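Each remark here refers to the structure printed beneath this line.
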Amino acid sequence: MQCSKDGFRICRTTFRSGRWLWARHSSTKLFVGGLSYDTNEAVLKDAFGQHGEIIEAVKVICDHVSGRSKGYGFVRFTSEITATIALKEMDDQMLDGRNIRVHYAHRG
């Protein structure tokens with residue numbers, strides 16, 4: 001494949017996309033969005049812990065100034081299989097009155 005200036009960007013983007021997809025599908029860490037501002041780490045751990053062993057503390061991301069949840073968090077499982085099961089079972093489910101979104105976490 002030839003890469004001109006524009007083509008180089010396409011090749012580079014494709015490479016990055018391919019790398020991102022590989023990392024995304026081999027991850028044990030899940031991003032959980034759409035959380036209620038009242039959802040805390042214990043609630044998140046209980047909900048996701050039903051689908052497999054969690055190896056790292058569940059983290060709900062909070063504003064540094066107000067201490068209020070930003071509405072998203074992360075959960076890390078012991079294996080890719082349990083993370084995949086949890087993703088499939090929990091995506092678009094109701095948690096604390098909100099439908100949550102679950103995706104593989106990745107570094108951006």
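Here are a few things to note about the model shown:
- Highest mean packing first, where packing is the average number of other Cβ atoms within 10 Å per residue, the peptides 61-73, 90-102, 38-50 line up as 38-50, 90-102, 61-73.
- Rounded to the nearest Hz, the phi-derived 3J(HN,Hα) couplings of the range 35-50 under the Karplus curve 6.51 cos²θ - 1.76 cosθ + 1.60 (θ = phi - 60°) are 5, 5, 5, 8, 6, 10, 5, 5, 5, 5, 5, 4, 5, 7, x, 5, where x marks glycine and proline.
- Straight-line cross-link partners of Lys59 among the aspartates and glutamates, defined as a Cα under 12 Å from its Cα and at least 8 positions apart when in the same chain: Glu41.
- Each Lys and Arg adds +1 at its Cβ and each Asp and Glu adds -1 at its Cβ; summed about the Cα centre, the range 28-104 shows a dipole of about 220 debye.
- Considering only Ile81, Gly34, Cys62, and ranking their Cα positions along the charge dipole of the range 28-104 that arises from unit charges at the beta-carbon of Lys, Arg, Asp and Glu, the one farthest toward the positive end is Cys62.
A short reminder: the numbers here are calculations on the coordinates, not readings from a lab. For clarity, every value in this text was computed on a predicted model and none was experimentally measured. Every residue, glycine among them, receives a Cβ derived from its backbone with ideal geometry; neighbour counts consider all protein chains shown.
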